[in-house]
Each structure stands twice: as structure tokens, then as C-alpha cells.
Amino acid sequence: MTHDDNDLHRQRMMRQKEAFETRKARATQEKGLLIVHTGAGKGKTTAALGLAFRALGQGLKVGIVQFIKGAIPTGEAALAARLGPALEMHTMGDGFTWNTQDREKDMASARKAWDKALSLLRDESFDLIILDELNVVLKHNYLELEEVLEELRRKRPMLHVVVTGRNARDELIDLADVVTEMKLIKHLYRAGIKAQKGVEF
């Protein structure tokens, strides 16, 4: 790298830093966030669990309700059992909807999971609540969208809530503070690779 290249790089980095510091200085509001992880790509639940890990490290209490998962044991459920009472996890699904193929059963499971979610959302001891695969439940209309949105609108001002799953409803996206869409570029199944312990479950 020449001296001129180094100067150009330094100037570019200084401009980026100034722009970042300006945005950061304007961001003075403090509030509990509604975060949505959606999209066809992998990593939605993984990102939410990473946030849980970060929150636990800051001494916050985390609650997780898994709406779909539950048919097979997972690594996150095994770890959660060892991290209580700071982490409380409720795995309440019956597995993927294409496996159950029973709408009434899926709706009953969704209602039971939502009732548990309500108890956590309204429990003032929690700082972060993760509603894993709730987007899938809402896509299939297993719960009334407006009922869910109304509860999220009423959440405590400093409570953080993360909602994961494909096909997030537009109304939820509009309500959210942060929305990330995971884009599918490559997937292990398409390459004939099976689900790997510790990575997929």
C-alpha cells in the first residue's frame, strides 16, 4: 500500500466515523425494542438465541417460548435447563406444521404457547422475551393477528421482544423497531447434507 493509498483510506475511515458518531449522537431515546427476524435463510432462531446470550451476560432475565419446535430435543433446550432461573424456556410446539398435518391440533398448540407467552410478557421480572416461530403461527392463522399485535403494542416500555420465523406479516413489520430478513443463498439440504447436531438442533 502506497502512502497515498494509506491517506485515502484514513480519510475514508474518518468520514465513516464522523457519520457514525453523528447518527449515534442523535439516538438518545431508550426503549424496549420489538425485533423481527424473518426470511427464507437460516439463522433466525440462532440470531435470537445470540441476543439471549448477550442479555444474560448483562444480567438480564430472558424468557423464550418456542411455538413450533418441540418434536425433537435441541441443544438450546438442554442448555436453557442449566441456565435457569435467569433463562426460562418453554418448548411448546409439536414440530413442523407439514409433519403434524392437523390444523386443529396446531391451533390448540399455538393457543397454549401464546397463553404461556402472555404470562411471560406480563411478568415484570423479564427483560427480554423471544417468541420463536411466532411468524409461522401467524402466517397459518393459528392465532388472531390483531390479538398478538395488541399485546405487543401494550408491552412494558423497557421490555425487549424478539419474534422469529419466515413470512412475517406486514402489520408486524410495521410495528417493529428492528427487522432483519435472512436471505437464502445456500442450504445444506440442497447439497444433500443432513441436519448436524449442535448446528441444526
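With every protein chain kept in place and ligands, DNA and RNA left out, what is the accessible area per residue of the chain? Probe 1.4 Å, answer in Å². Intermediate results must be reported in sequence, preceding the final value.
On the way: 12610 Å² over 201 residues.
For the chain, the per-residue accessible area is 63 Å².
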For this session: Considering the options 43, 90, 6, tell which one lies farthest towards the positive end of the dipole of the chain, charges being +1 on Lys and Arg and -1 on Asp and Glu at the Cβ, about the Cα centre.
Result: 6
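How would you order 118-125, 32-39, 18-25, 84-91 from highest to lowest mean count of nearby Cβ atoms within 10 Å?
32-39, 84-91, 118-125, 18-25
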Exercise. Computed over the Cα atoms, what is the radius of gyration of the range 1-63 divided by 2.2 N^0.38 Å, N being its residue count?
Worked result: 1.75
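Using the C-alpha atoms of the chain, what convex hull volume per residue, in cubic angstrom, is computed?
Values: hull volume 34.6 nm³, N = 201.
Convex hull volume per residue, Cα atoms: 172 Å³.
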For this session: Work the Kirkwood hydrodynamic radius out for the range 92-201: mean of 1/r over every pair of different alpha-carbon atoms, inverted, in Å.
Result: 15.6
For this session: Give the relative contact order (percent, whole number) for the chain; include only Cα pairs under 8 Å separated by 6+ residues.
Result: 33
Problem set entry | Mean separation of Cα contacts under 8 Å (6+ apart) over length of the range 47-157, as relative contact order % | 32
Seminar exercise, completed: Whole-Å distance linking the alpha carbon centroid of the range 1-47 with that of the range 124-201 is 23
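Ignoring ligands, DNA and RNA, what percent of the 1.4 Å accessible area of the range 69-197 is carbon and sulfur?
Here it works out to 51 percent.
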Exercise. Given the C-alpha centroids of the range 103-123 and the range 57-74, what is the distance between them in whole angstrom?
Worked result: 14
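Under the √(5λ) rule applied to the eigenvalues of the Cα gyration tensor, what semi-axes describe the equivalent ellipsoid of the range 27-97? Give them in Å, descending. Don't skip to the answer; put the middle values down first.
Details: eigenvalues 103, 61, 21 Å².
Whole-Å semi-axes of the equivalent ellipsoid: 23, 17, 10.
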Problem set entry | Convex hull of Cα atoms in the range 41-157, direction-averaged projection (nm²) | 7.4
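Contour minus end-to-end for residue 140 and residue 46, with contour as 0.36 nm per residue of separation and end-to-end as the Cα-Cα distance? Working shown, then result.
Working: separation 94, 0.36 × 94 = 33.84 nm, distance 2.25 nm.
Separation in residues times 0.36 nm, less the Cα-Cα distance, equals 31.6 nm.
The values are calculated or read from the model by the stated rules, or taken from the named source; none is laboratory data. Keep in mind the model is a prediction, meaning the values are calculated, not measured. Because the Cβ atoms are built from the backbone with ideal geometry, glycine has one as well, and the counts that use them run over all protein chains shown. Note: accessible area is taken over every heavy atom of the protein model, side chains too, but ligands, DNA and RNA are not part of it. Shrake-Rupley method; radii C 1.70, N 1.55, O 1.52, S 1.80 Å.
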